[in-house]
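Report on one structure; see the data block that follows.
Please treat every number below as a calculation from the coordinates, not as lab data. From a predicted model like this one, the values you see are computed outputs, not experimental measurements. Cβ: placed from backbone, ideal geometry, glycine included. Neighbour counts: every protein chain shown.
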Amino acid sequence: MAYKRYAGKERRAEGLLFVDPVLEKKADIALAANNHKPIKTWARRSAISPKWIGLTFAVHNGKDFISVYITDEMIGHKLGEFSPTRTFKTHSSNNKAADAKSTDGASTKPAGTK
C-alpha cells in the first residue's frame, strides 16, 4: 500500500481511503452551491478528502451530532476521530476515598463502653 504523511502521521494515499459515496455526493453539492450549512452524517468511518477543506460536517456520536470544521491537518483521518463517543467523568480524589474508609470502620463511642 502507498502511504503519505499528513501532519506528522502516516496515512494511506487519498485514492485508497474509503469515502461514503452518499457523503461525497452531499459534499460536492455543498461545494458547488457554496453552501456552508453543516452536512449531517452518520458515516464516521469515511476518510476526509482534501477537497472538503472549509466544509462543516455534523458527525453523529451515538447520541448527538458534533460539528466538525475540516482543516488541512485533518486530511486522511476519519470523521469519527473528531467526534468522541464517550464522555470522561473525573476520577474521585484520593482524599475522598481515604475519608470514606476511615469513617466506615471508626466508632464514635469510647473504648470500654457498650
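Run the simple label-point estimate for residue 58 and residue 90 please: 7 Å along Cα→C-beta, distance reported in nm.
Each label point is offset 7 Å from its Cα along the Cβ direction, giving 3.2 nm.
In this model, which of 40/89; 26/63; 25/78; 25/63 are farther than 20 Å apart at the alpha-carbon?
40/89; 26/63; 25/63
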